[in-house]
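Q: Sending over a structure as structure tokens; questions will come in a sec.
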Amino acid sequence: MTAITASRFTLDGINRGLPGFARFCTYLGAIIGVSAYAMFGPDGYGDDGLLFFLTASSFSWIGIGALAGLATGTALGMAKPSITESKASVNIVPFLDGALLMILLTAVEVLFEPAADAYNYLDQSNLLSGSIIMTMNVTLLASALLYITHLFAPASIVGRLATASAWVGIYAGGSALLLRWYESYMLDVEIGHAPVSNLYEVFILLFCITTIVYLTLESRYKARAMGAFVLPLVSAGVFFGIWLSAHGHAEIKPLVPALQSYWMKIHVPMNFVGYGSFAVACGAGMAYLVREHLEKRGAKASLLAVFPSLDQLDQLGYKAVAIGFPAFTLATILGAAWAAEAWGGYWSWDPKETWALIVWLTYGAYLHVRVSHGWKGHSLAWWTVAGFLVTVFCFIGVNMYLSGLHSYGRL
Amino acid sequence: MKTQSWFKPYFDRLSSMSLAIALLTVLALASAIGTVLKQNQDQADYLTQFGALWYNVFVSLGLFDMYHTPWFFGLLVFLMVSLCVCLWRNVPVFLKEMRSRKVVITDKSLKGFHHLKRWKLDGVDAAEAKATVSKALSDWSQKSEEEDGRLYIRGDKGRSHKWGYILVHSAILVILIGGWLGAQYGFRGTMTVVENGTDNTIRFLKGTKTDQLKMPFDVRCDSFFIDFYPTGMPKEFRSTLSILEDGKVVVDHKDIIVNEPLFYKGVRIYQASFGDGGSAVTLKLVDPTSGKSRSINTEVYKTWKDPETGISLEITNFRPFNIENMANPGEAKKFHDLGPAVEYVVRGPNLKSVKVKSFMNTFTLDGQNRGHMIMVSLTGDAGDYQAYPLGLDFDQPTDWKLYTAFAEALSKRPDQQGKEANFAAFREAMTKVFGDQKRPDDFQERGMRVLQAMGSLSSLPWPYIPMLEDYNQMYYTGLELTQDPGMNTVWVGSALLVIGLCIMFYVPHRKLWVVLKAEGKGVEITLGAMTNRNKLGFENEFNQLLTKVDEALRPQNNNRSAA
Ligand code: HEM
């Protein structure tokens, strides 16, 4: 008896077939539109990241892109129905829907911001994003508690509440970040920048991404027991985030020249897709080890039944690494490309770079260990846990203990 | 490989998975050493840090510049050799596997499948069924055959999966080759050019020593500009550069900023840093006992020596802006520019050498002029600066007069002390300096200054206080010049790596077999499938396949399509 059942998509209908595919193409068109505007638009892409998105002409480019996408998508889908079942479309559309929803949510939140003359760089305590981040903290912590409770009361509503509050946490955190982006421009157009420039901001990003990766696996494979391991990891981060903000690291600060680059907006989030997935893999690994331990101790069948089987947990861990590894590889390459543009060389053996390489090699070794014979689930589970410790060191330890060119992230 | 030669066992081992795992682990551990041990620091620091014994051990292992040691290079070469052997052995096998697609499958092989289902349907003709199944599985690339009265259909998806392996592992080779090319034939070094100056030599670390290289062109810095945020953080620095070859300008007045380098003849020129390029400064040496002063001219990075007193001033830096947060801890921040300042080290006979930051403007607090200020660091460390208010405004001669008059008036009252006496003395001094004219409005401020000066001026050990009087600022721009002939190779390798990984992880190779056998009036159907990745999701996919095939084959469906 396993916790993973056959049904894979709960909202199957709207993500499949013509509605799903046409929507997918619309989003693609909008993204192409905004990219084209960035490259060929009248003012081009300047330093004013967010303002650039809000100009009337950018809206018209996005609109034209979206319409063209919608038309192409509908035509293609009608001409060749099998294309509408394409994996890329079916799997990605829910995420794009979520992104749109998050943007709309942010737009609503903007209405509750203080009046324009109440923005003050020197005292940022009245900004709304702070309260929304606090909402995220609370819901994520609650979610962790609920997931743990769910292990002992699988039949009750607790599990669903856990999932729901994790979702609330993601939307609160994500929209707070977007809001912070907006606020940074309201403080001073010169200061405005994407909210991925310091440890506090990327922590929030990390919580959201980790939780999204986890929830994706949860909803596809009904692996809710894993949440009792992943969300506590996120909660640990939440406490650290609270500590950071209590020590004045939560302020919006202007960007040093080295960070004034569009690469920042691509490199940093991509890195956190890697980190987040590795955190989820670690959660799967811990769930594996705990289940294994419970089995040995002869725990109650009802407790065991909540968990996916050992084999499934092993697969889930691999699944998470399979998301994280390519993302992390790409992020490291993007970082190298940025370094080549900012520092004069794509690789400088800077501590952060070197630790990224170490993380990468650790998971590379994990992948090989999986393929080769003789190693089984137990050791692999440990590997994902150890790998995550290496990741955490790369993320925080390097900033605390080692200096280097990435020192703008210093504590 | 038929010939069993002596190297076969080594060859096998070189391409073994355990070696790959070991290599990756060892590389990770080795890389970690270099981040824990700070690289390329001053040798003397290492010696004091580790002591002679460990210092020598570390030096012989090259641990202070370990990413360029032969043994680290050897590790990378080993990885390359291993990858080559790996590819050499596996690629032909994989290519063959991708090409050969056996259609006929034995019952025994089918039994080994994770996903297998066998069922019977009546009233279906085998040949017709084959056509129907074929159509239902149109999104699978199919092959079919007939043998021993059985119809076999084989379907494949993601046949390119093994290309992922090939791409990923060759990409690592390509990247390493690119890196080697860059290390071998490229360079990377720094050049500092003062405003209106020209230079053509870059400096860089080679091992633990500094080396230099002459560029085939000259770089001239036409101007340097720096912009600050209100918090005093640099917002942007911008150099206007010209490039000259044989005295002729080939690139004229081009701006570079951080993240936007200049490219000339394969060399990239980056804005890396900036600093004082030897600004001219005029210092006013104020004698704290007589109030007299004289001016001297010197430059940043020069040492001015006074033959009379033996005192030397080593000018270390000049900054036109000094933005500080003036708020008390816990208050909202208040940024304030203290104006130009010069930094110097004072040395002299019987003097403790200290580092001083001397401001040109007087210090203003809450709108009041608090006189001139210096900051003193007893350790010489910039973090240890302590404000040292001098009290007097040396630009106002009356300040000095008031100060001496006050001192005189006080000395007349040796037996009186406290507020009252101070007031009386100050009143007397005011009358002496300003006569019976109207007192200046800011006399209270002046009183504060004079009182402050009473405490601070007399306790200074120097014969004079060097104050900043005038300056003519000049920056240098710190450039980084690089050439890397292997960089594009690295980018190609990186692209291959990412594409390869995506194929490897997201294009699993899925195979399915449908075996149809006529049985009585109907047909026996066997559906078997397997995948090499994403085993979890495949469970579900298989169930969907099953439904699809079964529904397509059910007689009522056939009838409907016939009708
Ligand atoms: C930095 C170096 C390397 C990287 C990044 C790398 C990456 C990978 C990845 C991502 C996989 C896929 C694992 C999976 O599908 O779960 C893989 C498989 C494999 N690697 Fe490597 N690898 C590296 C070095 C090596 C070396 C040195 C060897 C041989 C000595 C090797 C031999 C193999 C083999 C035989 C497979 C299995 C292929 C298969 O059957 O699908 N790899 N590698």
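Q: Using only Cα atoms, what is the ratio of the radius of gyration of chain B to 2.2 N^0.38 Å? The partial results should precede the final answer.
A: Numbers: Rg = 41.2 Å, N = 563, 2.2 N^0.38 = 24.4 Å.
Its radius of gyration relative to the 2.2 N^0.38 Å reference: 1.69.
Q: Taking a cut-off of 15 Å, what percent of all Cα-Cα pairs in region B:33-114 are separated by more than that? Working shown, then result.
A: Working: 2423 of 3321 pairs.
Of the Cα pairs, 73 percent sit more than 15 Å apart.
Q: Now, a different point. What is the dipole size for chain B, taken about its Cα centre, with +1 at each Lys and Arg Cβ and -1 at each Asp and Glu Cβ, in debye to the nearest 20? Before the final figure, lay out the partial values.
A: On the way: 66 positive and 61 negative charges, 632 e Å.
It comes to approximately 3040 debye.
Q: Need the list of aspartates and glutamates near A:K253 for cross-linking: C-alpha distance under 18 angstrom, and skip anything on the same chain fewer than eight residues off.
A: Here the aspartates and glutamates satisfying the reach criterion relative to A:K253 are A:D47, A:D48, A:D123, A:E183, A:D188, A:E190, A:E201, B:D227, B:E236, B:E324, B:E331.
Q: Using every alpha carbon pair in region B:426-475, what percent of pairs falls into each 10 Å bin from 0 up to the bin containing the largest distance?
A: 19, 32, 29, 16, 4, 0
Q: Then there's this: Please report the net charge: other residues with Cβ closer than 10 Å to the Cβ of B:Q483, K and R +1, D and E -1.
A: Numbers: positive: B:R188, B:K265, B:R268; negative: B:D484.
Result for the local shell: +2.
Q: Would you mind checking which residues have amide H under 5 Å from B:V354's amide H? H placed 1.01 Å from N; only 5 or more apart, or other chain.
A: B:V346
Q: Next up: How many nm separate the modelled label positions at A:L101 and A:W382, each set 7 Å beyond the Cα in the direction of the Cβ?
A: That separation, rounded to one decimal, is 4.1 nm.
Q: In this model, which of A:K319/A:K376; B:K284/B:K432; B:K334/B:K401 are farther than 24 Å apart at the alpha-carbon?
A: Working: A:K319/A:K376 16 Å; B:K284/B:K432 27 Å; B:K334/B:K401 34 Å.
From A:K319/A:K376; B:K284/B:K432; B:K334/B:K401, over 24 Å: B:K284/B:K432; B:K334/B:K401.
Q: Continuing with this model, one more query. Mark the label point 7 Å from the Cα of A:F152 along Cα→Cβ and return the residues of region A:259-286 whose backbone N is within less than 19 Å of it.
A: none
Q: Now for a separate question. Using 1/(1 + (r/R0)^6) with R0 = 30 angstrom and r between the beta carbons of B:E260 and A:D117, what's the FRET efficiency to the nearest 0.05?
A: Working: r = 35 Å, r/R0 = 1.17.
The value I calculate is 0.30.
Q: Return an integer: the convex hull volume of the alpha-carbon atoms of chain A, in Å³ per residue. Present the calculation step by step, with values, prior to reporting the outcome.
A: Working: hull volume 66.1 nm³, N = 411.
So the per-residue Cα hull volume is 161 Å³.
Q: What nm distance separates the two modelled labels at B:S459 and B:T398, each placed 7 Å from Cα along Cα→Cβ?
A: So the two model labels end up 2.9 nm from each other.
Q: Between A:I323, A:I157, A:I103, find the one with the highest GNM mean-square fluctuation for chain A; connect C-alpha pairs within less than 10 Å.
A: Of A:I323, A:I157, A:I103, the Gaussian network model singles out A:I157 as fluctuating most.
Q: If you don't mind, there's one more thing I want to ask. Might you report the magnitude of the Cβ-based charge dipole of region A:256-411 about its Cα centre, with Lys and Arg at +1 and Asp and Glu at -1, to the nearest 20 debye?
A: Working: 10 positive and 7 negative charges, 79 e Å.
Rounded to the nearest 20 debye, it is 380 debye.
Q: When the label point is put 7 Å from the Cα of B:E147 along its Cα-to-beta-carbon vector, which residues of region B:514-553 have a backbone N closer than 14 Å?
A: Of the residues in region B:514-553, B:514-516 have backbone N under 14 Å from the label point off B:E147.
Q: Compute the FRET efficiency between B:R413 and B:N317 as 1/(1 + (r/R0)^6), taking r as their Cβ-Cβ distance and R0 = 35 Å, and round to the nearest 0.05. Please report the intermediate quantities before stating the final value.
A: On the way: r = 45 Å, r/R0 = 1.28.
Efficiency computed from Cβ-Cβ geometry: 0.20.
Q: If you don't mind, there's one more thing I want to ask. Can you give the local net charge around B:L553? Use residues other than it whose beta-carbon is closer than 12 angstrom to its beta-carbon, Lys and Arg +1, Asp and Glu -1.
A: Working: positive: B:K120, B:K130, B:K135, B:K548, B:R554; negative: B:D122, B:D125, B:E128, B:E524, B:D550, B:E551.
After counting each charged neighbour, the total is -1.
Q: Follow-up question, since we're still on this one. Please list 3J(HN,Hα) in residue order for region B:511-521, calculated via the Karplus relation 6.51 cos²θ - 1.76 cosθ + 1.60 where θ = phi - 60°; whole Hz, with x for glycine and proline.
A: 10, 9, 10, 10, 10, 10, 10, 5, 9, x, 7
Q: Take every Cα-Cα distance within the protein assembly as shown, group them into 10 Å bins from 0 onward, and report for each bin the whole-number percent of pairs it holds.
A: Per 10 Å bin, starting at 0, the Cα pair percentages come out as 2, 9, 15, 19, 18, 14, 10, 6, 4, 2, 1, 1, 0, 0.
Q: Still on this model: Suppose each label sits 7 Å from its Cα in the direction of the beta carbon; what would the B:W54-B:K117 distance come out to in nanometres?
A: Result: 6.6 nm between the two label points.
Q: For each pair in B:K96/B:K117; B:K38/B:K206; A:K87/B:K96; A:K87/B:K157, compute the distance between the two Cα atoms and list the pairs where it is over 18 Å. All intermediate terms of the calculation are to be shown ahead of the outcome.
A: Numbers: B:K96/B:K117 29 Å; B:K38/B:K206 16 Å; A:K87/B:K96 28 Å; A:K87/B:K157 13 Å.
Cα-Cα > 18 Å for B:K96/B:K117; A:K87/B:K96; rest within.
Q: When averaged across all projection directions, what area in nm² does the alpha-carbon convex hull of region A:142-286 cover? Numbers along the way, then the final one.
A: On the way: hull surface 36.2 nm².
Mean shadow area of the hull around the Cα atoms is 9.1 nm².
Q: Name the residue from A:M186, A:G159, A:L215 whose Cα lies farthest towards the positive end of the charge dipole of region A:112-255, charges +1 on Cβ of Lys and Arg and -1 on Cβ of Asp and Glu.
A: Toward the positive end, the furthest listed residue is A:G159.
Q: Of the cross-linked pairs A:K80/B:K521; B:K209/B:K302; B:K135/B:K517, which ones have a Cα-Cα span greater than 28 Å in the structure shown? It would help to have the intermediate numbers written out before the result.
A: Details: A:K80/B:K521 36 Å; B:K209/B:K302 25 Å; B:K135/B:K517 18 Å.
Those over the limit are A:K80/B:K521.
Q: What three numbers, in Å, describe the spread of the alpha carbons of region A:256-411 along their principal axes, ordered from the longest?
A: 59, 32, 24
Q: Give, in whole angstrom and from largest to smallest, the semi-axes √(5λ) of the equivalent ellipsoid of region B:124-183, with λ running over the eigenvalues of the Cα gyration tensor. Numbers along the way, then the final one.
A: Working: eigenvalues 431, 24, 4 Å².
Equivalent ellipsoid of region B:124-183: 46, 11, 5 Å, largest first.
Q: Compute the FRET efficiency between B:L76 and A:S219 as 1/(1 + (r/R0)^6), taking r as their Cβ-Cβ distance and R0 = 41 Å, and round to the nearest 0.05.
A: Working: r = 43 Å, r/R0 = 1.04.
Plugging the Cβ-Cβ distance into 1/(1 + (r/R0)^6) gives 0.45.
Q: Under a no-solvent Debye model with one identical scatterer per Cα of region B:195-319, what's log10 I(q)/I(0) at q = 0.15, 0.19, 0.23 Å⁻¹?
A: With one equal scatterer per Cα and no solvent, log10 I(q)/I(0) is -0.90, -1.13, -1.34.
Q: With N set to the number of residues, divide the alpha-carbon radius of gyration of region B:294-389 by 2.2 N^0.38 Å and report two decimals.
A: On the way: Rg = 15.0 Å, N = 96, 2.2 N^0.38 = 12.5 Å.
Working it through for region B:294-389, the quotient is 1.20.
Q: Could you please report the charge total around B:I256, scoring K, R as +1 and D, E as -1 over all other residues with beta-carbon less than 12 angstrom from its beta-carbon? Provide the component values of the computation, followed by the final result.
A: Details: positive: B:R238, B:K254, B:R268; negative: A:E341, B:D222, B:E236, B:D255, B:E260, B:E480.
Cβ neighbours under 12 Å give a net charge of -3.
Taken together, the values in this text are just the output of simple stated rules run on the coordinates, not laboratory data. Source: prediction; values computed, not measured. Please note: Cβ atoms are built from the backbone with ideal geometry, for glycine as well, and neighbour counts cover all protein chains shown.
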